[in-house]
1. Looking at (1) charged (D, E, K, R); (2) loosely packed, with under 15 Cβ neighbours inside 10 Å; (3) free of Cβ contacts under 8 Å to residues at least 40 places away in the same chain, can you tell me which one B:Arg86 breaks?
2. Has the stretch B:63-74 got at least one residue that is more than 13 Å from the chain's Cα centre (by Cα) and assigned to a helix (DSSP H, G or I)?
3. Say we look at the stretch B:16-32 and pick out the residues that are away from DNA strand C (no atom under 14 Å from the Cβ) and open to solvent by 70 Å² or more (accessible area, probe 1.4 Å); which of these is farthest from the other protein chains (Cβ to nearest Cβ)?
4. Report the residue count in the stretch B:33-48 for those that are open to solvent by 70 Å² or more (accessible area, probe 1.4 Å), assigned to a loop (DSSP other than H, G, I, E, B) and either charged (D, E, K, R) or more than 12 Å from DNA strand C (Cβ to nearest atom) (or both).
5. When you look at B:Asn54, is it more than 12 Å from chain A (Cβ to nearest Cβ), within 26 Å of A:Pro23 (Cβ to Cβ) and over 11 Å from the mean Cα position of the chain (by Cα), yes or no?
6. Would you mind telling me which numbered condition in (1) open to solvent by 20 Å² or more (accessible area, probe 1.4 Å); (2) more than 26 Å from A:Val18 (Cα to Cα); (3) away from DNA strand D (no atom under 14 Å from the Cβ) B:Tyr79 fails?
7. Among the listed residues B:Glu58, B:Glu11, identify the single one that is within 30 Å of A:Leu30 (Cα to Cα) and either of a type in the set (Ser, Thr, Tyr) or within 14 Å of DNA strand D (Cβ to nearest atom) (or both).
2 protein chains.
Amino acid sequence: MNIEPDLCRVEDALGILVGKWKPIILLHLLKNGTQRFSDLKRSIPGITQKMLTNQLRELENEDIIQRVVYPQVPPKVEYSITEYGRSLEPILHAMHEWGTNHIQHKKQKMNESMSK
Amino acid sequence: MNIEPDLCRVEDALGILVGKWKPIILLHLLKNGTQRFSDLKRSIPGITQKMLTNQLRELENEDIIQRVVYPQVPPKVEYSITEYGRSLEPILHAMHEWGTNHIQHKKQKMNESMSK
DNA sequence: CCGCATCCAGGTGGATACTG
DNA sequence: CAGTATCCACCTGGATGCGG
């Protein structure tokens, strides 16, 4: 891994995952496969239409997800992870594992300082 | 990996890495070991004292780095990665690899759309 | 040498209303 | 059903100056 600012690419990966709803959107698409806009909206409590559209566009621009429009009334738009997008899965998984362990780690620290 | 909002811990890991200078700080400490405040400041072009202090504090609060103050004049403060903090290294490494590949992927997409 | 306080610009995300 | 447009509150991070 190169640490020089111009050669370090950690930020590039980070930038794609960062966004209030991006991880959860990706996890839904990874787990459930192709989903309609309304499916995602229903599955993600609290998200607004604006933000869902916004985050989906950004992921689409990076070629992480695919958007398919069916020209019909009422409209139907399906989203799915691209083959390329799947390459992010190990990273998401590693972060989930680490995060889960981190919760435990913090609890321990808490207890240690309590019992002083 | 659990996808339920309350059980998904991707955000927890992400939150620790997110911050304009956190990845670069961590990479410096991982690569070079213990560093003084002024060492880090010099190694990271563009960072201000305020932000360096700020980001170091946040990492310290999560037990990722350790801060040691030598009570002397002029002051001397050393920062280093904790044992626990090292558990983030695989994730940073994976993100760097992915990011490096992503640059290539984007170039390909560029060329494809150019030659149409 | 290291850190804090203040002030401020810009970006991110939420609420709401409207369109094909 | 899916998306756009507008307005606004908040947060992050940059500039600068002071202090032990």
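The values are calculated or read from the model by the stated rules, or taken from the named source; none is laboratory data. Computed from a predicted structure; not experimentally measured. Positions of Cβ are generated from backbone atoms using ideal geometry, with glycine treated the same way; all protein chains shown enter the neighbour counts. Just the protein is used for accessible areas: all its heavy atoms, side chains included, with ligands, DNA and RNA removed. Shrake-Rupley method; radii C 1.70, N 1.55, O 1.52, S 1.80 Å.
1. In the conditions (1) charged (D, E, K, R); (2) loosely packed, with under 15 Cβ neighbours inside 10 Å; (3) free of Cβ contacts under 8 Å to residues at least 40 places away in the same chain, B:Arg86 misses (3) alone.
2. Start the filter on the stretch B:63-74 by keeping residues that are more than 13 Å from the chain's Cα centre (by Cα), which leaves B:63, B:66-74.
Next, only the ones that are assigned to a helix (DSSP H, G or I) stay: none.
No, every residue in the stretch B:63-74 fails to be more than 13 Å from the chain's Cα centre (by Cα) and assigned to a helix (DSSP H, G or I).
3. Restricting to residues being away from DNA strand C (no atom under 14 Å from the Cβ) and open to solvent by 70 Å² or more (accessible area, probe 1.4 Å), the top hit is B:Asn32.
4. Of the residues in the stretch B:33-48, 1 are open to solvent by 70 Å² or more (accessible area, probe 1.4 Å), assigned to a loop (DSSP other than H, G, I, E, B) and either charged (D, E, K, R) or more than 12 Å from DNA strand C (Cβ to nearest atom) (or both).
5. On the way: more than 12 Å from chain A (Cβ to nearest Cβ): yes; within 26 Å of A:Pro23 (Cβ to Cβ): yes; over 11 Å from the mean Cα position of the chain (by Cα): yes.
Here the answer is yes, as B:Asn54 does meet what is asked.
6. With (1) open to solvent by 20 Å² or more (accessible area, probe 1.4 Å); (2) more than 26 Å from A:Val18 (Cα to Cα); (3) away from DNA strand D (no atom under 14 Å from the Cβ) applied to B:Tyr79, the lone miss is (1).
7. Numbers: B:Glu58 fails: within 30 Å of A:Leu30 (Cα to Cα).
Every option except B:Glu11 fails the conditions.
Each row is one residue, and each column tells you yes or no for (1) under 20 Å from B:Arg9 (Cβ atoms); (2) within 12 Å of chain B (Cβ to nearest Cβ); (3) at pLDDT below 95.
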| residue | (1), (2), (3) |
| --- | --- |
| A:Asp6 | no, yes, yes |
| A:Leu14 | yes, yes, no |
| A:Lys41 | no, no, no |
| A:Leu59 | no, no, no |
| A:Glu83 | no, yes, no |
| A:Ala94 | yes, yes, no |
| A:His102 | yes, yes, no |
| A:Met110 | yes, yes, yes |
